[in-house]
Amino acid sequence: MDLSALRVPVIAAPMAGGPSTPELVAAVSAAGGFGYLAAGYLTPDALREKIAATRALTDSPFGVNVFVPARLDEQRQGADVEAYRGELLAVADALGVELPQPRWDDTDHFADKIDLLVDDPVDTVSFTFGCPGAEVVRRLQSAGSDVVVTVTDADEALAAAREGADALCVQGSQAGGHRSTHRVDAIPNDLSYVDLLREVRSVSALPLVAAGGIADGREAARALSLGAVAVQAGTAFLLADKAGTSAAHRAGLQDPALDRSVVTRAFSGRPARGLRNQFVRDHDAQSVPVFPVVDQLTKPIRAAAAKVEDHQLVSLWAGTRWQGLRPAAAAEVVAALAPVDDRRR
Ligand SMILES: Cc1cc2nc3c(=O)[nH]c(=O)nc-3n(C[C@H](O)[C@H](O)[C@H](O)COP(=O)(O)O)c2cc1C
């Protein structure tokens, strides 16, 4: 798919952990935009099922987003995961759950997911947390997919271009969810998509998709006027009817007492932007930069809290533009994000 040729230049961001669903992808493409499934945290079998379910709902092209694994042997050195585990024992006890022992293998099954996507290609494969390697890019392109790499600075953009990516998703610091820094232990910059479009454009002529804090058609028009071919929004879709956002997440997003969106490693070990709830207040300072090991450590806590709809102990991923979000049909969200100039036509 040529992302610069969308009827409405609005992309529903891949949102791992539940919000991205086949139904959301189908509704967004029916409204003229483009949708992604999120492969992160899924088993390869679950990903295969979601791709099939999406195809059963729509003939439109769609994408799949994959997490690039970071080297665990490097992360393991010096990171005191045991100490963080110790910090979390009291909250786990209170919820009646056991915390797992850290696992140091690729629990996200990167290679199997790539094999699956080569065997059964989708329109576009995007990557976050790194570049997948030139060989992976070549295999996916030979299978007929376009490859997009998410970047947060000019160096990452250069690396993605060197590997042969077809387009870049430029993710600014206002973005909800994980920051796509290519190193787990990187201190994320605070550049907005506006700054980043300029930086990345100075080193690459690839088509650029803008992401991070884009919540209305005016902002989308601004991104396009700065050279983006489309905008990618996540937070704006979290309360959409077809999104699989959990009840606890939905409640947290609408709790006026939670009034700060912050970047934290507390839940997963990677920097991610979400609302500052009790878990973030209590544990942000102690977390260690190890992903997805910390994510697995906190998973039973998040799952138990989600079950009882306690939004103080789950990750409430949200970008800086979450206030004022209301439940809406996915098509309404696409229409609200359509660049204002398009709507005037
Ligand atoms: C709940 C949530 C989950 C996300 N999961 C992913 C993901 O799996 N892969 C990815 O590339 N980006 C993910 N993102 C980031 C989005 O791709 C995008 O950069 C971000 O949502 C844009 O900022 P906005 O939330 O302000 O619109 C996620 C964002 C949110 C809010």
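Quick notes on this one:
- Only residues that are part of a helix (DSSP H, G or I) and touching a residue at least 24 places away in the same chain (Cβ under 8 Å) were counted in region 178-201, giving 8.
- Residue check for Ala175: surrounded by fewer than 18 Cβ atoms within 10 Å (Cβ to Cβ), part of a loop (DSSP other than H, G, I, E, B) and either of a type outside the set (S, T, N, Q) or not assigned by TED's automatic domain parsing to the domain that holds Val294 (or both): no
- Residue among Ser60, Ser126 that is within 22 Å of the chain's Cα centre (by Cα), within 16 Å of the ligand (Cβ to nearest atom), under 20 Å from Asp146 (Cα atoms) and of a type in the set (Ser, Thr, Tyr): Ser126
- The set of residues in region 141-151 that are within 16 Å of the ligand (Cβ to nearest atom) and either open to solvent by 20 Å² or more (accessible area, probe 1.4 Å) or within 21 Å of Ala5 (Cα to Cα) (or both) comprises Ser145, Asp146, Val147, Val148, Val149, Thr150.
Listed here are the residues, each with its yes/no results for (1) within 16 Å of Val229 (Cα to Cα); (2) among the hydroxyl-bearing types (Ser, Thr, Tyr); (3) not assigned by TED's automatic domain parsing to the domain that holds Pro292.
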{"residue": "Leu140", "(1), (2), (3)": "no, no, yes"}
{"residue": "Ser145", "(1), (2), (3)": "no, yes, yes"}
{"residue": "Thr181", "(1), (2), (3)": "no, yes, yes"}
{"residue": "Ser192", "(1), (2), (3)": "no, yes, yes"}
{"residue": "Val203", "(1), (2), (3)": "no, no, yes"}
{"residue": "Leu208", "(1), (2), (3)": "yes, no, yes"}
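- Output for region 202-220, where each listed residue is outside any loop (DSSP other than H, G, I, E, B) and surrounded by fewer than 19 Cβ atoms within 10 Å (Cβ to Cβ): Arg218
- For Ser126: the one exception among (1) open to solvent by 20 Å² or more (accessible area, probe 1.4 Å); (2) closer than 24 Å to Ala157 by Cα: (1)
- Options Ser204, Ser246: the member that is over 13 Å from Gln174 (Cβ atoms), polar (S, T, N, Q), in contact (Cβ under 8 Å) with a residue 40 or more places away in the chain and within 14 Å of the ligand (Cβ to nearest atom): Ser246
- Residues (within 21 Å of the chain's Cα centre (by Cα) and surrounded by fewer than 18 Cβ atoms within 10 Å (Cβ to Cβ)) located in region 333-345: Ala336
- Within region 101-123, considering residues that are more than 16 Å from the ligand (Cβ to nearest atom) and at pLDDT below 95, the one nearest to Leu140 (Cα to Cα): Asp106
- Filter result for Ala161 (in contact with a Ser or Thr (Cβ under 7 Å, 6 or more places away or on another chain), open to solvent by 20 Å² or more (accessible area, probe 1.4 Å) and either of a type in the set (Phe, Trp, Tyr) or assigned to a helix (DSSP H, G or I) (or both)): yes
- Filter result for Ala154 (in the same structural domain as Pro339 (by TED's automatic domain parsing), over 20 Å from the mean Cα position of the chain (by Cα), away from the ligand (no atom under 15 Å from the Cβ) and open to solvent by 10 Å² or more (accessible area, probe 1.4 Å)): no
The values are calculated or read from the model by the stated rules, or taken from the named source; none is laboratory data. If you're wondering where the values come from, they're calculated on a predicted model, not measured in any experiment. Neighbour counts run over all protein chains shown; Cβ positions are idealised from the backbone, glycine included. These accessible areas exclude ligands, DNA and RNA; they are computed on the full protein's heavy atoms, side chains included. Shrake-Rupley method; radii C 1.70, N 1.55, O 1.52, S 1.80 Å.
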